[in-house]
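Below is one structure, written out as structure tokens; the observations come after it.
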Amino acid sequence: MRLTHLCVAGTVTLVVAAVTACSNSTYGGGSGGCTPTATQVCMINTAYSPTPLTVTHGTTVTWMNGDGFAHTVTNDAGSGETFNTQVGAGGTFTHPFNTAGTFNYHCNIHSTMHGAIVVN
């Protein structure tokens, strides 16, 4: 009977440690999460955040995948910029925006994912 109690206590300790470790991320996700910034878009919970992201011309934008599975960052047809990159879990992609305008993009893997970069 004592062995059973020890196993239960060890399991409870492990669960508490796992919950504590996960609570430190700004966003969850299989790769440890992501925090949006003035120049970083997060791919988290099968969505881009923030969208739109507004930057000044000459800014390089970084997309970080905070999910535990791959996404793409793909320009919409006619957007004026060309990029189509698969980003694995925890990976990043960067692209410079040197021209003013609104540049829409999407994920080729997840049809509900859409975003925009507004360049002033």
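None of the figures in this text is laboratory data; all of them are computed from the coordinates on show. Since we're looking at a predicted model, the values are computed, not measured. Note: ideal-geometry Cβ built from the backbone for every residue, glycine included; neighbour counts use all protein chains shown.
Thr54: of a type outside the set (Gly, Ala, Ser) and within 12 Å of the chain's Cα centre (by Cα), yes or no? Answer is no for this residue. Are any residues in region 66-75 buried (at least 17 other Cβ atoms within 10 Å of the Cβ) and either over 22 Å from Ala38 (Cβ atoms) or in contact with a Lys or Arg (Cβ under 7 Å, 6 or more places away or on another chain) (or both), and if so, which ones? Matches in region 66-75: Thr72, Thr74. Does at least one position in region 103-114 carry a residue that is within 15 Å of Ser49 (Cα to Cα), under 17 Å from the mean Cα position of the chain (by Cα) and exposed (fewer than 14 other Cβ atoms within 10 Å of the Cβ)? Looking through region 103-114, at least one residue is within 15 Å of Ser49 (Cα to Cα), under 17 Å from the mean Cα position of the chain (by Cα) and exposed (fewer than 14 other Cβ atoms within 10 Å of the Cβ).
If you go through region 76-99 and keep only what is part of a loop (DSSP other than H, G, I, E, B), under 21 Å from Thr37 (Cβ atoms) and not charged (D, E, K, R), you end up with Phe83, Gly88, Ala89, Gly90, Gly91, Asn98.
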